[in-house]
Each structure stands twice: as structure tokens, then as C-alpha cells.
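Student: Sharing a structure here in C-alpha cells format.
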């Protein structure tokens, strides 16, 4: 590596390297960052701090299906069971899933807690 050191008052202040070498160093740093993020994600999954989702789940959300329905079915709840857990009727939840009714912030918090996910992820895209 060809490095030029620039000093100010006898103290190294800058290191100048050829641009091609800079690009190699940047690529290596980005690769290292990717590896560290991957390792952290795998650790979080192994320790139960993060969750993975099957492609079918993701595809349903991407296709525009109502997030509440996708999450509810993924977690194995019927409308009645989820309604009971959140203190709301199954009919009200059905209307929300069909886009005929908007849930309150308080209900979104309850749904998110029961379904074990972020409140924002239950909002329609």
C-alpha cells in the first residue's frame, strides 16, 4: 500500500492513498460490516430476540392483503379469539380486515401486543 503521511507541526494529520486502494479498503469495510450485521441477526434469531417469516407470509403482505388478517392467521387466531383477547367483537375485526373500518390507536396497540409485533406493521400499506 502506497501511503503518504501529511504532518502538521510534526504530528501526523492526514494519510493519503491512491484512489484504487481507497476503493479496496472501502469495499473491505463494507464486507466486514455486512458480516457483522449477519452475525448479529443470526445471534438474535438464535436467542429468540428476532423472528423470521416464511415467503408466503411476506408475499401476502406484498400483494396488498390486509396486514391484520395476515398477522392474525400467521399467529393462528380466529377473528373470535383475537377479538376476545383484545376486547373487541369479531365483527369489528372483520370490518377492519375488509377496510370498512379504521382501528383506533388503542386497538392497534392491543392487537400488536397480542400478535407480538410492532403497531406500525398492522397499518395498511
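The values are calculated or read from the model by the stated rules, or taken from the named source; none is laboratory data. Quick caveat: nothing in here was measured; it's all calculated off a predicted structure. Cβ sites come from the backbone with ideal geometry, for glycine too, and all protein chains shown count toward neighbours.
Student: Being under 25 Å from the mean Cα position of the chain (by Cα) and farther than 17 Å from residue 61 by Cα is the filter here; which residues of segment 86-110 pass it?
Tutor: 86, 93, 102, 103, 104, 105, 106, 107, 108, 109, 110
Student: Now for a different question. Let me spell it out: the conditions are (1) closer than 30 Å to residue 100 by Cα; (2) not assigned by TED's automatic domain parsing to the domain that holds residue 95, and residue 63 meets all of them except one. Which number is the exception?
Tutor: Status for residue 63: all satisfied but (2).
Student: Taking only pairs six or more apart or across chains, which ones have beta-carbon atoms under 6 Å, a first residue in segment 15-37 that is in contact (Cβ under 8 Å) with a residue 12 or more places away in the chain, and a second residue that is surrounded by 11 or more Cβ atoms within 10 Å (Cβ to Cβ) and part of a helix (DSSP H, G or I)?
Tutor: none
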